[in-house]
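In what follows, a structure is listed as structure tokens, so that the remarks can point back to it.
We did not get these values from a lab; they are worked out from the coordinates using the rules stated. What you are looking at is a predicted structure, and each value in this text was computed from that prediction instead of being measured. Methodologically, a virtual Cβ is constructed for each residue, glycine included, from the backbone with ideal geometry; neighbour enumeration extends over all protein chains shown.
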Amino acid sequence: MPEHSHHGGHGHGQDRQGARQPERFDARRASMLDDRARFEILPPDRIFALLAAPEGARVLDFGTGTGLFALELARRRPDLQIVALDEQPQMLERLRANPALAQAPNVSPRHSRELAALSGSVDAVLAINVLHELGDEATAQLAALLKPHGRVVVVDWNAAVERPVGPPRDHVYTTAEARVRLERAGLRVTEQEPLQYHFVLTAERSD
Ligand SMILES: C[S@@+](CC[C@H](N)C(=O)[O-])C[C@H]1O[C@@H](n2cnc3c(N)ncnc32)[C@H](O)[C@@H]1O
């Protein structure tokens, strides 16, 4: 189950200033994101429990990719309103073409150009395998999505762990580095028990 973000050298834009891996996720590798075997190393039970989303809450999956986690959350929590956000139209097209989306009327695919309109409107943000791709601006936009008592759950490949899968270690953060990144975006961070290959952080607005 390799999940490299091999890139073709394109998409290294100014908007990614500060990102550990400044190249965009290669959309040609999208199909691997749909593999439900990923749930073995990224267990939805653990991750969704940390969202602590109240009944009817609005949850945003930041960098949803093909929407694997957004759709799984929708299946388990039909009461939630789930925004599945990505910057790459190809990923959103794949999600829209997934028959599971028809069974999940509570999932709305959205392009990140709509981020500003969502500012301050979200109870919980989920960010899986995406922090290492976020520049300073995107990290600040993620934090700005939250309502005053909203929270973020950040799960990403851990640079401190030797892994047979995932991006190279120098493309991702250690837990401490990830923590600093989120704190700089104005969040108060709590370290959660790590997964086999991933760190897990929750964060809330500190204002
Ligand atoms: C490695 S994939 C992970 C997808 C999904 N979270 C999952 O685990 O199945 C990272 C995704 O984040 C998206 N992404 C990266 N930076 C983003 C940004 N600033 N805003 C929105 N999406 C972004 C990429 O286009 C890609 O689809």
Specify the inter-centroid distance of the range 144-186 and the range 60-74, based on alpha-carbon positions, in whole Å.
-> 17 Å
Among Leu126, Ala52, Pro109, whose Cα lies farthest out toward the positive end of the dipole of the chain, if unit charges sit on the beta carbon of Lys, Arg (+1) and Asp, Glu (-1)?
-> Pro109
Residues Asp156, Asp79, sorted so that the one with the fewest Cβ neighbours within 10 Å comes first | Asp79, Asp156
So what are the radius of gyration and Dmax for the Cα set of the chain, in Å?
-> 15.5, 43
For the chain, give the magnitude of the charge dipole about the Cα centre (Cβ charges: +1 Lys/Arg, -1 Asp/Glu; no others), in debye to the nearest 20.
-> 240 debye
Size of electric dipole in the range 143-190: Cβ of Lys, Arg +1 and of Asp, Glu -1, about Cα centre, debye, nearest 20 | 260 debye
